[in-house]
Amino acid sequence: MNAYDFDVAIVGAGIHGAGIAQAAAAAGHSVLVLEQQAVAAGSSSRSSKLIHGGLRYLEQFDLRLVRESLVERERLLRLAPALVKLVPFYIPVYRHTHRRPLEIRAGLSLYALLGGLRAHARFHSLPRRRWDELGSLNRDELQAVFQYWDAQTDDARLTRAVMDSAVSLGAESRMPAKFEHAQLEDGGCEIRFSQPDGLYTLRCRVLVNAAGPWVNRVLARIHPPAAQAAVDLIQGTHLVLDNAIVNSIFYVEAPRDGRAVFIMPWHESSTLIGTTETAFQDPDPAKVRPLPEEQQYLLEVLERYFPSAPTKIRTSFAGLRVLPAGPQRAFRRSREILLLTDRPHQPRLLNVYGGKLTTYRADSARALRMLTAALPMHIPKADTRRLALTPA
Ligand SMILES: Cc1cc2nc3c(=O)[nH]c(=O)nc-3n(C[C@H](O)[C@H](O)[C@H](O)COP(=O)(O)OP(=O)(O)OC[C@H]3O[C@@H](n4cnc5c(N)ncnc54)[C@H](O)[C@@H]3O)c2cc1C
């Protein structure tokens with residue numbers, strides 16, 4: 001009799017839990033996903049919804065991350081055309097803009113190079129005669145406008161599509177199912193979780209803690225205790241406005257502190273604007289809520305760039321980034337994922353910290369490689385580099 005119920009058990013059905021479930025099931029492993037609420041209930045439905053290289057990460061010289069993100073963007077455009085769409089991005093430069101045209105041109109040139117100089121990796125400066133295309137963008141002291149390409153998605157739909165793909169490859173899921181406790185044993189792990197009808201126990205070879213902002217709370221319930229990464233939770237708020245103010249994405253600097261903010265079209269007739277960066281202090285990630293001062297900050301941005309736009313807020317949402325702890329401002333900290341195992345050989349536990357929606361597939365493949373030594377060999381069922389994703 002097999003002493004293990006599953007090869008891999010995963011806590012969390014955000015993009016990383018779904019991505020690792022897909023990668024493990026594609027490799028032929030038996031997989032169980034436990035999710036306390038619903039697929040994409042955490043950060044994976046509260047992001048800026050961009051599948052992008054991350055132009056601003058070039059300021060931190062994070063070239064590896066930008067290159068990998070651009071490769072994954074291309075892959076997702078191919079594998080998930082109904083979910084990931086190429087969109088024109090505009091960067092307006094005013095007299096007051098901190099980043100000057102020369103810096104932006106240099107950044108976009110490097111971005112194009114890292115994007116493989118494909119047709120949509122290129123950028124241009126929009127000639128003045130075409131500024132009419134910019135709708136109601138403020139023209140006072142406007143000096144230049146750059147246009148380049150990146151992609152937009154619906155994060156929750158993308159996560160559901162990855163989860164559906166994992167299930168079609170044989171992964172099982174339980175939700176709502178709350179992970180309660182795990183005991184690491186010599187060659188695996190015993191897990192306890194609760195569902196509305198009671199408490200369950202099962203055994204797996206490896207446990208993946210993909211609980212997003214809850215990662216260290218889940219880790220604290222695993223025995224014997226494993227090393228925790230020092231992280232901060234940073235809250236990012238978005239507003240959804242009732243009107244279609246833009247038909248492309250505008251990448252602008254916040255008047256207060258020069259931070260990058262996106263103003264984006266959203267679902268035909270609305271506009272999405274975000275994001276903020278506020279340290280989150282509450283021990284419970286479920287308590288994250290948009291704050292009145294964040295709303296004020298984002299409305300100030302809109303007022304500066306689209307002064308005549310109506311500002312009726314339909315709704316707002318906040319999500320939590322998991323970033324390395326440190327004194328620097330959040331936008332200067334690394335966006336690289338951190339994958340931590342309990343031991344270098346024959347790991348029983350993998351903890352997932354941070355990461356990007358854009359690179360979930362490459363990060364999930366990397367996570368699975370770190371677990372290979374602890375998993376049995378199977379005949380692979382599929383290769384995630386070639387698996388199409390379709391909306392449910
Ligand atoms: C404001 C903001 C904007 C962002 N914008 C972008 C962007 O534009 N592009 C990009 O590429 N990335 C972006 N990101 C990053 C990206 O959204 C996140 O890295 C990603 O969604 C994290 O996914 P995750 O699966 O690790 O965590 P989550 O999506 O939070 O999933 C964790 C899941 O674990 C579950 N869980 C927790 N505890 C338990 C338990 N005890 N039992 C069972 N289940 C549990 C939760 O319910 C949750 O569903 C953004 C992030 C934020 C916060």
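No value in this document is a laboratory result; all are computed from the given coordinates. Everything numeric here is computed off the predicted structure, so don't read it as measured data. Glycine also receives a Cβ, built like all others from the backbone with ideal geometry; neighbour counts cover every protein chain displayed.
Of the Cα atoms belonging to the chain, the radius of gyration and Dmax stand at 21.7, 75 Å.
Are there any GluC sites (Glu not before Pro) in the range 243-317 that are in a DSSP loop and have at most 12 other Cβ atoms within 10 Å? List them by number.
Taking the range 243-317 and a limit of 12 other Cβ atoms within 10 Å, the loop GluC sites (Glu not before Pro) found are Glu268.
Kirkwood radius, the range 260-354, all distinct C-alpha pairs, inverse of mean reciprocal distance: 16.3 Å. If the Kirkwood radius is taken over C-alpha pairs of the range 158-222, then at 10 °C and 1.306 mPa s the Stokes-Einstein diffusion coefficient equals 121 µm²/s. For the chain, with a Gaussian network of springs between Cα atoms less than 10 Å apart, report the residue from Arg56, Arg95, Arg217 with the top mean-square fluctuation. For the chain, modelled as a Gaussian network with Cα springs under 10 Å, the answer is Arg95. In the range 336-392, Cα pairs under 8 Å separated by at least six residues give a relative contact order of 30 percent.
For the range 1-152, the ratio of Cα radius of gyration to the globular rule of thumb 2.2 N^0.38 Å stands at 1.38.
Taking the square roots of five times each eigenvalue of the Cα gyration tensor of the range 170-260, the equivalent ellipsoid has semi-axes of 40, 19, 12 Å, listed largest first.
For the range 55-195, relative contact order (Cα pairs under 8 Å, six or more residues apart, normalised by length) works out to 25 percent.
Taking a straight Cα-Cα cut-off under 24 Å and skipping sequence neighbours fewer than 8 places away in the same chain, the lysines within cross-link reach of Lys287 are Lys49, Lys178, Lys356.
Computed over the range 59-124, relative contact order equals 30 percent, with contacts defined as Cα pairs under 8 Å that lie 6+ residues apart. Each Lys and Arg contributes +1 and each Asp and Glu -1, all at the Cβ; summed about the Cα centre of the range 226-340, the dipole is approximately 140 debye.
Computed about its Cα centre, the charge dipole of the range 1-127 is approximately 900 debye, with only Lys, Arg, Asp and Glu carrying charge at their Cβ.
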